[in-house]
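Here the structure is laid out as structure tokens; the discussion comes afterwards.
The values are calculated or read from the model by the stated rules, or taken from the named source; none is laboratory data. Remember, predicted model here, so these are calculated numbers, not experimental data. FYI the Cβ positions are ideal-geometry reconstructions off the backbone, even for glycines, and counts take in every protein chain you see.
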Amino acid sequence: MSLDSATVRRIAKLARIRVTEPEIVTLQSELNAILGYVEQLNEVDVEGVEPLSGGAQMAMRLREDTVTDGDMAEQILANAPDRIGPYFGVPKVVE
Amino acid sequence: MSLTDLTIAQAAAALAARQISAHELASAHNAAIAALNPRLNAFITPTPEVALAHAEAADARLKDSTATPLTGIPLAIKDLFCTAGVRTTAASRILEPFIPPYESTVTANLLAAGAVFLGKANLDEFAMGSSNITSGYGPVENPWKRAGSDAKLVPGGSSGGSAAAVAARLALGATGTDTGGSIRQPAAFTGLAGIKPTYGRCSRYGVVAFASSLDQAGPMARTVEDAAILLAAMSGFDPRDSTSAERPVPDFRAATHRPIKGLRIGIPAEYRMDGMSPEIAALWETGITWLREQGAQIHDISLPHTKYGLPVYYIVAPAEASSNLARYDGVRYGARVDGEDLIDMYERTRAAGFGAEVKRRIMIGTYVLSAGYYDAYYLRAQKIRALILRDFTQAFAKVDAILTPTAPSAAFGLGEKMDDPVTMYLNDVFTVPASLAGVPAMSVPAGLNAEGLPLGLQIIGKHFDEETVFSVAAAIERAASFTAKPIVRAA
């Protein structure tokens, strides 16, 4: 399977990364090289195999559903590129 | 002996005996960093004042006998661990302004043990790379040189700054992280001992996430015993990481002194790849002989799905990365580039903030998770990951540990292997399977190649059996008596 430039543009859009036309050309060949490399996985018989999602050899742990921290708005906002009072600032979304 | 040339065990003994102070030890390392970091670029952010403050606290503890084996020991911290009040970049421009308000659990554990932090070590951007060339803050130079050549070599990656710092005697030890080989491969390239413990042994809380089902923290040091001392302090259950293992931390240091007589060591046929360099093959044979001479039984084993490890990794890791890195949107932290509207702001921020390798991996991950392709790529990769784990489980029914080379070559030159991404990915061919299975694996320096560059052997163990890994690694270390030092190092 080979990605065309329209697909590369669509992936970039989904990934929210702005790409220029020359970048699309490079990315197209690089992504196709990677996809070509992983193609060999198709030769493995995976019939009846349960997928393995994680590295942990254990059941997921549960904890009490209680508040364990909070009241740290200033710390959370300290790294914000833009803030409006106690809120994160973003460009206007609704006209 | 120079203060920067001590092992952690030696320095701890000298500190305990009050022959040296933590202040003297920190000052010597600060001076070494000031002298050599401009050349090696091992640290993105040296923190000499932090080091002196930590050393002062350590000296107080050494007086009132609350010291641990790490009290006063100067370390490099990979700049992927959040450190409260100290900039943490993940070697990405998108995190250039980020100052974490909290401390990662691993670094908090080290601070509680009294360690001294010298600074934040360089790495591949978001730990994505095998040569440290993808750092947004410039590449790291390997302190080792080929005999008779001044050509700059890479230190490996992604924990390349950590590796270069410890090898060049700018730190006594370092933290690293390993997702597909990022501790073991740079350890091999710089003549160090480095272990990726079992998935779940070290908390991931506060470690900038790359591929969450694979990421594990671990130590890098100049001896196997030093790595054991560090890992003991870094490990332990943490309720803030849902995959943290609720298990006691064994005495890793004691394990390094345990004989290996009677241990069953597996040699996997599938790691004898076509085109393996004769030097690497010969070193592997030598390692087998060393273990046999110390009483281990050698068994031929098979890990049939080995060759699929890398392609599985290059689906699973980018998929998880594309999801993890969605958080860098220019809103809550990090750098922002303004745009015409919200989406345009996201796209410009991420285009400017991420480097080429990170963009590639995010895009591959986005694609393999996208509607219509999920089953063909991601689900299939997860199934083959299960087969890779099954290979190890079956092998470990017959053997106690597995011996392989760490990497297919010695350190290569800056600018080599850059033709296409897949060539670079092949560096991780021997390290990725253990990451996918979640088992512990360690690289130990075993010799030099014909050009005078260090080569490593890898020991892979059972889940949560780092002790056997340390015993076997120490046996290799004893037999190899590796005493070579890099050309570029602190005086």
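Residues that are at positive phi and surrounded by fewer than 16 Cβ atoms within 10 Å (Cβ to Cβ) do not occur anywhere in the range B:347-358.
At the interface with chain A (Cβ under 7 Å from one of its Cβ atoms), buried (at least 23 other Cβ atoms within 10 Å of the Cβ), aromatic (Phe, Trp, Tyr) and outside any helix (DSSP H, G or I), is that true of residue B:333? Answer is yes for this residue.
Are any of the residues in the range B:354-366 more than 12 Å from chain A (Cβ to nearest Cβ) and either farther than 26 Å from residue B:473 by Cβ or at pLDDT below 95 (or both)? If you could, list the steps in order and put the result at the bottom.
Just the residues of the range B:354-366 that are more than 12 Å from chain A (Cβ to nearest Cβ), to begin with: none.
No: zero hits.
Candidates are the residues of the range A:13-42 that are at the interface with chain B (Cβ under 8 Å from one of its Cβ atoms) and of a type in the set (Val, Ile, Thr); the one that is farthest from residue B:381 (Cα to Cα) is A:19. Of all residues in the range B:58-68, none satisfies being within 20 Å of residue B:163 (Cβ to Cβ) and either more than 14 Å from chain A (Cβ to nearest Cβ) or touching a strand residue (DSSP E or B) at 6+ places or on another chain (Cβ under 8 Å) (or both). Restricted to helices (runs of 4 or more DSSP H) entirely inside the range B:169-285, those with at least 2 residues that are of a type in the set (Asp, Glu) and touching a residue at least 24 places away in the same chain (Cβ under 8 Å) are B:224-234. Selection over the range B:85-95 of residues that are surrounded by 16 or more Cβ atoms within 10 Å (Cβ to Cβ) and assigned to a loop (DSSP other than H, G, I, E, B) gives a count of 6. Please determine whether any residue of the range A:70-77 is among the β-branched types (Val, Ile, Thr), facing chain B (nearest Cβ under 7 Å) and out of contact with any Cys (no Cβ under 8 Å at 6 or more places or on another chain). No: the range A:70-77 contains no residue that is among the β-branched types (Val, Ile, Thr), facing chain B (nearest Cβ under 7 Å) and out of contact with any Cys (no Cβ under 8 Å at 6 or more places or on another chain).
Residues that are more than 10 Å from chain B (Cβ to nearest Cβ) and more than 28 Å from residue B:462 (Cβ to Cβ) within the range A:56-68 comprise A:64, A:65, A:66, A:67, listed in sequence order. Residues in the range B:277-293 include none that are crowded, with 16+ Cβ neighbours inside 10 Å and over 30 Å from residue B:443 (Cβ atoms). Taking first residues from the range B:121-141 that are in a loop (DSSP other than H, G, I, E, B) and partners that are basic (Lys, Arg) and at pLDDT 95 or above, the Cβ contacts under 6 Å between residues at least 6 apart in sequence or on separate chains come to B:123/B:78; B:128/B:361; B:136/B:93; B:141/B:152. Residue count for the range B:286-309 under the criterion of being among the hydroxyl-bearing types (Ser, Thr, Tyr), part of a helix (DSSP H, G or I) and touching a Pro at 6+ places or on another chain (Cβ under 8 Å): the result is 1. The set of residues in the range A:79-95 that are more than 8 Å from chain B (Cβ to nearest Cβ) and not in a strand (DSSP E or B) comprises A:85, A:86, A:89, A:94, A:95.
The lone criterion from (1) farther than 17 Å from residue B:127 by Cα; (2) surrounded by 15 or more Cβ atoms within 10 Å (Cβ to Cβ); (3) not acidic (Asp, Glu) left unmet by residue B:372 is number (2).
Taking the numbered list (1) more than 25 Å from the chain's Cα centre (by Cα); (2) touching a residue at least 60 places away in the same chain (Cβ under 8 Å) in turn, residue B:292 passes all entries but (2).
Among residues of the range B:86-101 that are on the phi < 0 side of the Ramachandran plot, those with a Cβ under 9 angstrom from a residue that is in a loop (DSSP other than H, G, I, E, B) and of a type in the set (Lys, Arg), sequence gap 6+ or separate chain, pair up as B:95/B:87; B:96/B:87; B:97/B:87; B:98/B:87; B:99/B:87; B:100/B:87. Looking only at the range B:423-430, decide whether some residue is at pLDDT below 95, surrounded by fewer than 19 Cβ atoms within 10 Å (Cβ to Cβ) and either more than 22 Å from residue B:196 (Cβ to Cβ) or among the polar types (S, T, N, Q) (or both). The answer is yes, given that some residue of the range B:423-430 is at pLDDT below 95, surrounded by fewer than 19 Cβ atoms within 10 Å (Cβ to Cβ) and either more than 22 Å from residue B:196 (Cβ to Cβ) or among the polar types (S, T, N, Q) (or both).
Condition first: surrounded by fewer than 16 Cβ atoms within 10 Å (Cβ to Cβ), touching a strand residue (DSSP E or B) at 6+ places or on another chain (Cβ under 6 Å) and assigned to a loop (DSSP other than H, G, I, E, B). Can you find one or more residues in the range A:65-78 that meet it? Scanning the range A:65-78, I find no residue that is surrounded by fewer than 16 Cβ atoms within 10 Å (Cβ to Cβ), touching a strand residue (DSSP E or B) at 6+ places or on another chain (Cβ under 6 Å) and assigned to a loop (DSSP other than H, G, I, E, B), so the answer is no.
Determine if the range A:43-55 includes at least one residue that is more than 8 Å from every other protein chain (Cβ to nearest Cβ), modelled with pLDDT of 95 or more and either assigned to a helix (DSSP H, G or I) or over 30 Å from residue B:305 (Cα atoms) (or both). Yes, the conditions are met somewhere in the range A:43-55. Check B:154, B:207, B:166 and return the single one that is more than 23 Å from residue B:33 (Cα to Cα) and modelled with pLDDT of 95 or more. Only one candidate passes the filter, namely B:207.
Which members of the range B:213-246 meet the condition of being within 8 Å of chain A (Cβ to nearest Cβ) and among the hydroxyl-bearing types (Ser, Thr, Tyr)? B:213, B:242, B:243 - these are the residues of the range B:213-246 that are within 8 Å of chain A (Cβ to nearest Cβ) and among the hydroxyl-bearing types (Ser, Thr, Tyr). Residues of the range B:336-353 that are over 19 Å from residue A:92 (Cα atoms) and more than 7 Å from every other protein chain (Cβ to nearest Cβ): B:352, B:353.
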